[in-house]
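Enquirer: Okay, handing you the structure first.
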Amino acid sequence: MATFSQSQDLGHHFATNKANWDDRAPLHAQNDAGYKLQQFIDDPSALSNVVKFDVPRLPPLQGKRVVHLQCHIGTDTLSLSRLGAAEVVGLDFSGESIKAARQLVADTGESGKVTFVEGNVYDAVTLLDPVPDSPGSGFDVVFTGVGALCWLPSVERWASIVHHLLRPGGVLFIREGHPVLWAVDEQIVSPNPGEPGDKGGPVVRLPYFEHEAPTKWDDDETYVDTKEVKLQATRTYAWNHGLGEIVTALLGVGLQVELLEEHTSVPWQALPGQMVKLECKGAGEVEGGGDEWVLKGTLHGCLPLSYTLRARKVVT
């Protein structure tokens, strides 16, 4: 359930969110949960569903140094390594997420190429210690996956961090939930969207643009099947950022946007009961039955659900 918070105590908000993600991580790391960690252990070529979708849009990774911001339990991080990156570093503020991520790469025998650092993304420059524009320092690719930016209060501050982390000529890659989707209240939605006589559908009730005060959520469930195990740390605080705000923040630090593509699918059931599950048959292709979700009925294609953005740090 979403309510509007008037508090701007970022220390409190970050600590509350950290407790929530520390609670989620062990549940997400179970072999029968939605992340399906066993497939990465059994198959050394297995990729996460998110990265499978991203493959046609990713910059070249072969031999590159990559950092994955807000990496959670490391499935996308490991997948980037498997696409040929020479070194991949994952950063996340949740200690339990980092613990699960390290266990995953240990179980796959890939800890030599993939490492993890615990910390807030706003501290990334200090934690990862890149020397701006120095040869051998910084990263060729900064990767940010789905469900990351909504936990950050300032997209301008984030863009500055990205700029400092990138080497000259380096690329930022984002695939993220669309801010239009984040503005829809999943609790207020028609039970039969698109059917004859049904005038309902998604309701925009939450902020589209960035606000100092966050939206407060209280929910004892997470987005994967936990076999009815409930979260104990139920409260979170989130911030939306309009697409124009994100692009403007990146342009403001001197990055050059190369790609901005909006999608009709998203890799989780963002609006329960209103979506149809699809299957990613190949890189970037979604068809018929399992890994991405689209709005069902006549609502399909009416809203952007996610987007991909690629931006480059210009060589001066």
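The values are calculated or read from the model by the stated rules, or taken from the named source; none is laboratory data. Keep in mind it's a predicted model, so treat the numbers as computed, not measured. We place every Cβ from the backbone using ideal geometry, glycine too, and count neighbours over all the protein chains shown.
Enquirer: Name, by its number, the condition in (1) modelled with pLDDT of 95 or more; (2) in contact with a strand residue (DSSP E or B) (Cβ under 9 Å, 6 or more places away or on another chain); (3) more than 21 Å from residue 174 (Cα to Cα) that does not hold for residue 7.
Expert: So residue 7 meets the others, but not (1).
Enquirer: Continuing with this model, one more query. Just give me the residues in the range 35-70 being of a type outside the set (Asp, Glu), more than 24 Å from residue 140 (Cβ to Cβ) and without any contact (Cβ under 8 Å) to a residue 60 or more places away in the chain, in sequence order.
Expert: 36, 38, 39
Enquirer: Can you name every residue in the range 102-152 that is of a type in the set (Val, Ile, Thr) and in contact with a strand residue (DSSP E or B) (Cβ under 7 Å, 6 or more places away or on another chain)?
Expert: 105, 114, 115, 117, 121, 141, 142, 144, 146
Enquirer: Taking the range 212-225 as the search range and keeping residues that are under 20 Å from the mean Cα position of the chain (by Cα) and in a loop (DSSP other than H, G, I, E, B), which one is surrounded by the most Cβ atoms within 10 Å (Cβ to Cβ)?
Expert: Applying the filter and picking the extreme gives 214.
Enquirer: Let me ask another. Are there any pairs with C-beta distances below 8 angstrom linking a residue in the range 217-230 that is touching a residue at least 60 places away in the same chain (Cβ under 8 Å) to a residue that is surrounded by 13 or more Cβ atoms within 10 Å (Cβ to Cβ) and charged (D, E, K, R), with the two at least 6 apart or on different chains, and if so which?
Expert: Going by the 8 Å Cβ cut-off, the qualifying pairs are 217/235; 218/235; 222/24.
Enquirer: Next question. Consider residue 243 carefully, then state whether it is at pLDDT 95 or above and over 17 Å from the mean Cα position of the chain (by Cα).
Expert: no
Enquirer: Then there's this: Does the range 59-107 hold any residues that are part of a loop (DSSP other than H, G, I, E, B) and over 21 Å from residue 150 (Cβ atoms), and which are they?
Expert: Answer for the range 59-107, where residues must be part of a loop (DSSP other than H, G, I, E, B) and over 21 Å from residue 150 (Cβ atoms): 59, 60, 61, 62, 63, 64, 83, 84, 85, 86.
Enquirer: Let me ask something else. Is it the case that the range 19-31 has a residue that's surrounded by 14 or more Cβ atoms within 10 Å (Cβ to Cβ) and more than 28 Å from residue 238 (Cα to Cα)? Don't jump to the end; show me each part of the working.
Expert: From the range 19-31, those surrounded by 14 or more Cβ atoms within 10 Å (Cβ to Cβ) are 19-30; that's our starting set.
With more than 28 Å from residue 238 (Cα to Cα) added as a condition, the list becomes none.
Checked the range 19-31: no residue is surrounded by 14 or more Cβ atoms within 10 Å (Cβ to Cβ) and more than 28 Å from residue 238 (Cα to Cα).
Enquirer: Answer yes or no as to whether residue 149 is touching an Asp or Glu at 6+ places or on another chain (Cβ under 9 Å) and either within 25 Å of residue 13 (Cβ to Cβ) or without any contact (Cβ under 8 Å) to a residue 12 or more places away in the chain (or both).
Expert: It is true that residue 149 is touching an Asp or Glu at 6+ places or on another chain (Cβ under 9 Å) and either within 25 Å of residue 13 (Cβ to Cβ) or without any contact (Cβ under 8 Å) to a residue 12 or more places away in the chain (or both).
Enquirer: Of the conditions (1) touching a strand residue (DSSP E or B) at 6+ places or on another chain (Cβ under 6 Å); (2) of a type outside the set (Asp, Glu); (3) surrounded by fewer than 18 Cβ atoms within 10 Å (Cβ to Cβ); (4) not in a loop (DSSP other than H, G, I, E, B), residue 38 satisfies every one except a single condition; which number is it?
Expert: (1)
Enquirer: Can you run down the residue pairs with Cβ atoms below 6 Å, 6 or more apart or on separate chains, where the first is in the range 71-91 and more than 19 Å from residue 118 (Cα to Cα) and the partner is aromatic (Phe, Trp, Tyr)?
Expert: From the range 71-91, no pairs qualify.
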